[in-house]
Amino acid sequence: MAIFNHISFDDHEQVVFCHDKESGLKAIIAIHNTNLGPAVGGCRMWNYESDDEAVTDVLRLSRGMTYKNAMAGLAMGGGKSVIIADPKVQDREALFRAFGRCIDTLGGKYYSAEDVGVSTSDIMIAHQETPYMAGLEGKSGDPSPFTALGTYLGIKAAVKHQRGIDSLKGLKISVQGVGHVGYYLCRHLHAEGAELIVTDIHQASLDKVATEFGATVVAPQDIYHQDVDVYAPCALGATINDITIPMIKATIVAGCANNQLAEVRHGEMLKDLGILYAPDYVINAGGIINVSFEKDYDASAATAKVEEIYNTLLTVFSHADEQNRTTGDVADEMARAIIDAAK
Ligand code: NAD
């Protein structure tokens, strides 16, 4: 397995492999860029099929965090960690303590928080071994409602830009993945009168949104070709690819999942089809914005900062139109300017 020649290597500052024999911990931490401050980004726990798959994920996700934190106007660099394990594993104490010890060895260059497969209680376990954990109980806590708020406002910005309307009432929105963020997103969308079509691989989560929000449930493979206004990817990454793009009937793709485009060129394909894409790391920054308020936690200040996502996206969309470029390209350029200026 190569690192420096890896296709997803992007001048990362540090990549750390952690192993603890007793707990069975196998984790990788990637610190992408610290120009703006210590690297901050969640920890994902997943059944990766190979070490290489985990490396690819952590390299891509950590780069995304650098861009996300910069675009959100945070004094934080980009990093991410992955634990190679079944996210449903029951015995988590030893594992997350070992993870915390590994984070501690970096001396504050990287702060971890929750991501897919990791909960606030896991973060609290790791925190017993290191101060360098964020999203703590009693402080900023679960970032998901804030990510959902930002995503909801991002969908509104996309609808405003494309159709000139301020309300989502009567619009059909498909949500792929109704987990932590997807659930709260559905709540916002339902409250505004949107019609929901949802999918997940977890039946209990589906039952909940069907009952509470009257959502129509479809099978995972049927989510792409639904006749909807907006498709919101809120599960895992790379769901926008050569196979799915021809199926998409929505004119807007705006959701909270990280790394939605399988490859950069898929952003071009969406643009050519007239589908407006809200760059993932811009629309899904709500959670990390909330985490950035961890020290002297103030929910209303965090909420106000999350609400800025609406205008940031409007700026990205209008620059993309004016310059006939993809929204992803424009966002990358804006983020890079901020990162380079901080060097
Ligand atoms: P989660 O694990 O709680 O939810 C993901 C949901 O997707 C689960 O319910 C899972 O069953 C479902 N799912 C998995 N594979 C699926 C498939 N093939 N088809 C349909 N559903 C599937 O995670 P989350 O915290 O809600 O995060 C969702 C996405 O948003 C992830 O990509 C995450 O990286 C990203 N994100 C989350 C946050 C946050 O604050 N939690 C912040 C930024 C980005």
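Taking 0.36 nm per residue of sequence separation and subtracting the Cα-Cα distance, how much length would be gained by fully extending the chain between R265 and D11, in nm to one decimal?
On the way: separation 254, 0.36 × 254 = 91.44 nm, distance 2.10 nm.
Extra length from R265 to D11 when fully extended: 89.3 nm.
For S318 and T216, the difference between the fully extended length at 0.36 nm per residue and the C-alpha to C-alpha distance is 33.4 nm.
Taking amide H atoms as placed 1.01 Å from N in the peptide plane, the amide H of V198 lies under 5 Å from those of V175, T216, V217, V218, each 5 or more residues away in sequence or on another chain. Here H188 sits with roughly 60 square angstrom of accessible surface, probe radius 1.4 Å. A straight Cα-to-Cα reach below 17 Å connects K249 with the aspartates and glutamates E195, D222, D227, D229, E268, D272, residues fewer than 8 places away in its own chain not being considered.
Partner lysines whose Cα lies under 23 Å from the Cα of K68, excluding those fewer than 8 positions away in the same chain, are identified as K80, K109, K139, K156, K160, K271, K295, K305, K343. Across Q128, Q90, Q260, mean-square fluctuation computed from a Gaussian network of the chain (C-alpha pairs under 10 Å connected) peaks at Q90. Counting only DSSP beta bridges with both residues in the chain, the antiparallel share comes to about 30 percent. GNM remark for the chain: springs join alpha carbons under 10 Å apart, and the peak mean-square fluctuation among G100, G164, G177 falls on G164.
Of the Cα atoms belonging to the range 273-342, the radius of gyration and Dmax stand at 13.8, 45 Å. Label separation (D104 vs K249): 5.6 nm, computed from points 7 Å beyond Cα along the C-beta direction. Zone of K208 (label point 7 Å along Cα→Cβ, backbone N under 20 Å): which residues in the range 281-317? Output list for this probe position: 286-288.
Accessible surface calculations at 1.4 Å, restricted to protein heavy atoms, place the chain at 42 Å² per residue. How many percent of the accessible area of the range 144-341 is carbon or sulfur, using a 1.4 Å probe? In the range 144-341, the share of accessible area belonging to carbon and sulfur is 53 percent. Debye-formula intensities of the chain, expressed as log10 I(q)/I(0) at q = 0.06 Å⁻¹, are -0.19 (one equal scatterer per alpha-carbon, no solvent).
Projecting the Cα positions of T244, T216, A158 onto the charge dipole of the chain (unit charges on Cβ atoms of Lys, Arg, Asp and Glu, taken about the Cα centre) puts A158 furthest along the positive direction.
The values are calculated or read from the model by the stated rules, or taken from the named source; none is laboratory data. If you're wondering where the values come from, they're calculated on a predicted model, not measured in any experiment. FYI the Cβ positions are ideal-geometry reconstructions off the backbone, even for glycines, and counts take in every protein chain you see. Quick note on the areas: whole protein, heavy atoms, side chains included, nothing else; ligands and nucleic acids left out. Shrake-Rupley method; radii C 1.70, N 1.55, O 1.52, S 1.80 Å.
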